[in-house]
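First the structure, in the form of structure tokens, and then the observations on it.
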Amino acid sequence: MRLTNTPTNKNNTFLGLSPASTAVLLGTIGLAAMSLLMMYAIDNAELPQSIVPDNIFRSQSIFMLFAFGVMLVMRSINYQRIGDLAYALFIFTLVLLTAVLVFGWIGQRVDFIGKIFPYVNGSCRWIRLPFFQIQPSEFIKITYILGLARYLRYRKNYRQFQGLLGPFALTLLPMILILLEPDLGTVLLLLPILFIMIYAAGAKVRHLVAIIVLMIACVPVFFANMAPYQRSRVVGVFLQSAEVRTWLESHPKVKDYVYPDKDLKQWKNSVEGFHLLHAKTAIGTGGIIGNGYGKGVYLEGSRKLPECHNDFIFAIIAHQFGFFGAAAVILFYLIIATGLVEIAGKTAEPFGRLIAVGILAILLIQAGVNIGMTLGLMPITGLTLPFVSYGGSSLLTFFILIGLALAIDRTHPLQIGPKPFEFENDS
Amino acid sequence: MFNYRMKLLLLGFVVFGMGLVFRLGMVQIGQHEQYAQIASSTPATPIKPIPPTRGRILARGPGGDGTVELVANEPCFELAVYYPVMDPDKWWISDQLRTMRRKIRKQRNESKLKIPDEELLPILTGQIEQFWQNLGILTECPLAQLQATRERTTQVIRSWVENVHKDRETIAYPILEQRMYYPVVSDLDEDQAIDLRAQLGNSSWVIVRPSSRRLYRRGDTLCHLLGRTTRTPGSLPKTTKIIEKDYLPGELEGLSGLEAVCEEHLKGYRGWVETDEDPQIISQPEDGEDIVLTIDIALQEYIQHRLKKQVRQLPYATGAAAVVVDLQKWELLALASVPTFDPSEYVKKFHQLSNDNVKLPLFNRALWGRYAPGSIVKPIIGAWAVSEGTVTPFQTFYCRGYLSENLRRFKCWLPSGHHDVDLIHAIKGSCDIYFYRLGELLTAEGVSEFYKKIGFGNPVPIGIDNAAGRVPTQEWFISHHGRGMSAGDARNLAIGQGDLEITPLQAAVMMSAVATGRYQPPRFIVGKPLPRGRPIGISAYALNLVRNGMDKTLNDSDGTGHKYAFAEELTVRAAGKTGSAQAPARSIQWQVSYQDPLTSQPVTHIVDNLTRFIRSSPVPRKDLNWRTIRSIPEMKEEDKRDPATGRSQGLAHAWFAGYAPIQRPRIAVVVLIEYGLAGGKAAGPVFHDIMLKCQDLGYIGDRRKITFNNWQIERLHEIDEYTDE
């Protein structure tokens, strides 16, 4: 039996929630509301089907309700029980990932398996079941955080360099599996999460520095092994500047390596170039106060922004609501971040607070990468904007994570003795 | 420490968030004007290609001055159809249906009216089919032809789409090539284009746009070599490279001849332009490069005209060819083959031209015609024998008109015989007996190996395809005659008969070798590197001997070439050699019989084209029996005996090969008249006239008469004579 304490001062709570939970929930609901507003506007804009599918407002509402329900259920669960299952869940998602790969490969040859494990747009990442389909690489985000938090509970696992090999093994396995799918965005997400979590757990600074140096050393190898389209996406960030393009044109050898098989003159019409240019144009035309809800050339006029309901939804928000609206979205994420930091700080139990840190990391990094990509600061990776982008899997994942955070806030294990896990003299 | 690190982390995220907000401000506030401008000017529709101008094919002016256009471009129009109308994709259909729905709602004034896609889709499909029907009626083009173009284009573009999406993550929108216009009817004249534009009105499904086609400026000059362009069906993707280097459906592509050989130079690269109201050029097209041939236009046109005249005058001649090589720059100055055709009417008259198997006007005799060389190989064989030490220059053989009492069938062309002849006189009198003896000494294998060494039996590597000809070898003899080569074959090979076959171009290369001592294929495009040559390995002494013999052939009053080819007006001394190569008549009609495999009844056909018949025949080649029932030329009874000398004569190709001047050779000339009978009589006068023309053009001697300016004036005077066919 576990000893848990209950929230003590109910006077400061809002609907039985602590201030930290309130902040997290408020931010989440704010973003979800923004999402529904956008879906409604895009639905009404009658954009061609090549840009968005039909009836996204209805589907997103249903997803949202379902995910919200799941979040409430998660909140009521004792997260430490999940902790006992952490490794099992992690291994289960790894099995799912492997299954997607193996059956996806078979499915390209055998028809009926191909219906369950479809090969869509050059990658197999879906399992298609009756009524719904799931994407294991989304759920690995949850189980990865759980597994890592579970592992980093013990001091020896993060204070010694040998101990740090464990987390890397834990990261490398899903990374390789997802890389084979391929889903570059998720792969690149795992490393920063790992880093932030071991940093928060208390790893030595010199170990962290050594890891960073190693990671930077791996970048050229990684870049060399990327598919041409992935490479051109990474390089695309720099190609936005006309000076870089002219420089590359006068250096054909460099150009052939970093941007193979394509014409720089055609950059604006390449997939990356088109996306980046139009995303920035949509944001730039928003100005300070925006074009107004449901208005603007990208919704009413002839301009088109592909994936504007999904990866590039931030651009459409900025297009309609301007600088203030877009900054508000960033503010919402920071509010959630503050809440999560508060939750982590309040929890002395290492598993719980590491989960909170993991959630904080994944949420903010994914949001940051997505917004950065829309603003032309980062490569196009296909990472969604949490809580806002269209799509069931993404919504469900993040609502489950928020549910977990709320559950941690709700259940503090009974603390015997002052701060038993702190080592102030460490550095 | 945990809380400290958490605070740092939060601080990090806040700073990162501030950074994003700062960037947001930069884009939204700082660059607002700039992006607002982009949004109002960037195209909603994508870019479209600007076709490059195809390079011209030029020849050199008279005497090598300036250039003259052979093939240029002329503007025309084409009717192009929007690709989705050919192959509707889901995005286009959905957009079309949406537009239709809006229109219907407006008509009925009910803004919330629901019309399912299933109702509208058949209307759209019907509209598309109706559109193609109408197009067929408007352009007076058979519907089947339009549909064929449509299918071809669809096939090509679909393979592009597949290729583009092969390694992409999302297929969220159509590729550029699915939103372009592709021509279905090309080569429209301006009148037709204006009519069509008026009738088509303002449809966005089809446009009439300017395009260009090939224009042949100089009629049939060099017609065999120029080749033909075609509207390509588009090329299938070879790599993931975007189409820059490949063909879009309906673009001009070189199909044959020079157009195909120089395709990389002529083609150019397309540019791109935006398609909105204020179109900005994204990249300029790079026009194709012009190709300048080393051909001298005045000489080429003169030779073609002269050969035509000669063929008309001779009773049995069916065609002719001539090659002139510049021996100092190693360039082809003329490469003529008659009969000719007009390349601008090639497509229109294709059937008539390709079925004319009497004249074979499409056949490039200079490059592809394979003829026994006859006596023109005698000088080089003689030189080789002397160089190898097989005979001494002064060794004589006795010619009594035939080889020996036992071998009466090996006759000399002169029944009375040349009596004692050494090498020089054997060449001068073209004595067959002398060379029969040489052949015996050299052996058949030795002779055939030597022929290989001077380039016979292999195409001449001048950069454009030509025939290999045939040098019989021991293996070839065994597989074709069922026996090895004998002394008789050696004798025949040594006088250029037997199974030896060469092209006029190879003959010219051989004559250059006699004149200079080098085997050197000439170039025929200005600026191209010279093909690799080599010395032929014959001593200069031996070559000088035979050059002396060729000099006497032409300039001594009893030389075989003197009567018809000696030119008094020539200021330099020329050398030459006649050749009359016995040849069988060419079959043009066969009777083919075989047993029908189904009914086992004997079947008999009269066939005009045997190769085509064998290819499509129902039974294998070995079960077919055929015999010639008609061949050309048919010799008249009175011509079987030479009226002047009373000697019997058969069908023969007439050759005349030579070079000038003897000191420091400048040009080599080879003339061939198909079935011209006697070499000196049929080909000699043409050789004579070519030499004089070369002198007028300044290639030999110092009395140049024709310059660029007076050539054009002269041509105006001659124009009646040139077009008299």
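The values are calculated or read from the model by the stated rules, or taken from the named source; none is laboratory data. The shown structure was predicted, so the numbers you read here are calculated from the model rather than taken from an experiment. Note that we place each Cβ from the backbone using ideal geometry, even for glycine, and neighbour counts take in every protein chain shown. Side chains included, ligands, DNA and RNA excluded: accessible areas come from the protein's heavy atoms. Shrake-Rupley method; radii C 1.70, N 1.55, O 1.52, S 1.80 Å.
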Residue-normalised 222 nm signal for chain B, counting each DSSP H run of n ≥ 4 as -39,500 (n - 2.57), nearest 500 deg cm²/dmol, is -11500 deg cm²/dmol
Calculate the tail of P(r) for the range B:589-629: the fraction of all Cα-Cα distances greater than 11 Å, expressed in %.
61 percent
21 Å Cα-Cα threshold exceeded, pairs from B:LYS453/B:LYS693; B:LYS577/B:LYS681; B:LYS411/B:LYS636; B:LYS48/B:LYS267; B:LYS636/B:LYS681
B:LYS453/B:LYS693; B:LYS411/B:LYS636
With everything on Cα atoms, drop me the angle between helix B:432-442 and the longest principal axis of chain B, reported from 0 to 90° to the nearest 10.
70 degrees
In degrees from 0 to 90, rounded to the nearest 10, what is the angle of the helix A:184-201 Cα long axis to the longest principal axis of chain A?
30 degrees
Is there a simple number for the mean count of other chain Cβ atoms within 10 Å of the Cβ of residues in B:11-18, and what is it?
5
For the range B:589-629, accessible area per residue (1.4 Å probe, heavy atoms of protein chains only), Å²:
75 Å²
Short version: ³J(HN,Hα) in whole Hz for each residue of the range A:400-411, in order, from phi by Karplus 6.51 cos²θ - 1.76 cosθ + 1.60 (θ = phi - 60°), x for Gly and Pro, what are they?
4, 4, 5, x, 4, 4, 5, 5, 5, 5, 6, 10
Once the dipole of the range B:48-289 is set up from charges on Cβ (+1 Lys and Arg, -1 Asp and Glu), the residue from the list B:GLN178, B:ALA59, B:ILE104 lying farthest towards its positive end is B:ILE104
For the range B:414-462 and the range B:664-679, compute the distance between their C-alpha centroids and round to whole Å.
17 Å
The extension gain from B:GLN34 to B:ARG518, computed as 0.36 nm times the residue separation minus the Cα-Cα distance, is 167.3 nm
Where does the longest stretch of chain A lie that holds no GluC sites (Glu not before Pro) found in a DSSP loop with 15 or fewer other Cβ atoms within 10 Å?
A:47-299
Measure off, as a whole percent, the carbon and sulfur share of the 1.4 Å-probe accessible area of chain B, all protein chains present.
51 percent
Low-density loop positions, GluC sites (Glu not before Pro), the range B:495-595 - DSSP coil, at most 16 other Cβ in 10 Å:
B:GLU568, B:GLU569
Grab the range A:18-412 and count how many Lys pairs have their alpha-carbon atoms under 15 Å apart, sequence gap of 8 or more, or different chains.
7
Residues of the range A:129-157 with amide N under 14 Å of a point placed 7 Å along Cα→Cβ from A:ILE106
none
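Mind checking the full-extension length gain between B:LYS452 and B:ASP639? Use 0.36 nm per residue of separation minus the Cα-Cα distance, one decimal, nm.
Value of the extension gain: 63.7 nm.
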Loop sites in the range B:97-144: trypsin sites (Lys or Arg not before Pro), DSSP, at most 14 other Cβ within 10 Å:
B:LYS112, B:LYS114
Can you compute 3J(HN,Hα) from phi for each residue in the range B:500-505, using the Karplus curve 6.51 cos²θ - 1.76 cosθ + 1.60 with θ = phi - 60°, rounded to whole Hz and x for Gly and Pro?
6, 9, 9, 9, x, 5
Rounded to the nearest 100 Å², what's the accessible area chains B and A bury against each other, both chains counted, probe 1.4 Å?
5600 Å²
Sorted from largest to smallest, which semi-axis lengths in Å does the alpha carbon gyration tensor of chain A give for its equivalent ellipsoid, taking the root of 5 times each eigenvalue?
36, 27, 23
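Please report the net charge: other residues with Cβ closer than 13 Å to the Cβ of A:VAL100, K and R +1, D and E -1.
Residues close to A:VAL100 contribute a combined charge of -1.
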Could you grab the Rg to Rh ratio for the range B:489-528? Cα atoms only, Kirkwood for Rh.
1.12
Just to confirm my numbers, what's the Cα centroid distance between the range A:154-179 and the range A:214-284 in Å?
32 Å
Which one, A:ASP311, A:ASP256, A:ASP409, has the greatest fluctuation when you compute a Gaussian network model over chain A with C-alpha springs under 10 angstrom?
A:ASP256
Just to confirm the number: angle between the C-alpha axis of helix B:378-388 and the first principal axis of chain B, 0 to 90 degrees, nearest 10?
80 degrees
If one builds a Gaussian network model of chain A from Cα atoms under 10 Å apart, the most fluctuating residue listed among A:ARG150, A:ARG245, A:ARG233 is A:ARG245
With a probe of 1.4 Å, find how much accessible area the range B:407-479 has per residue, and write the answer as a whole number in Å².
42 Å²
Mind jotting down the three principal axis lengths of the protein assembly as shown based on Cα atoms? Whole angstrom, largest first.
141, 75, 72
The percentage of the accessible area of chain A (probe 1.4 Å, all protein chains present) made up of carbon and sulfur atoms, to the nearest whole number, is 68 percent
DSSP-assigned coil residues among trypsin sites (Lys or Arg not before Pro) in the range B:259-363, each with at most 12 further Cβ atoms within 10 Å
B:LYS348
Roughly speaking, what is the centre-to-centre gap between the range B:75-122 and the range B:350-379 when only Cα atoms are used, to the nearest Å?
59 Å
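In deg cm²/dmol and to the nearest 500, what is the mean residue ellipticity at 222 nm of chain A if only DSSP H runs of at least 4 residues count, each as -39500 (n - 2.57), divided by the residue total?
Roughly -22000 deg cm²/dmol at 222 nm, from the helical runs in chain A.
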Between B:ASN709 and B:ARG408, take the C-beta separation as r, use R0 = 60 Å, and let me know the FRET efficiency to the nearest 0.05.
0.45
Near B:LYS309, which aspartates and glutamates are there with a Cα under 13 Å away, not counting those fewer than 8 places off in the same chain?
B:GLU301, B:ASP689, B:GLU721, B:ASP724, B:GLU725
Tell me which residues come under 5 Å, amide H to amide H, from B:ILE667 once H is placed; ignore anything under 5 positions away on its chain.
B:LEU327, B:ALA660
Per residue, how much accessible area does the range A:18-412 have with a 1.4 Å probe, in Å²?
38 Å²
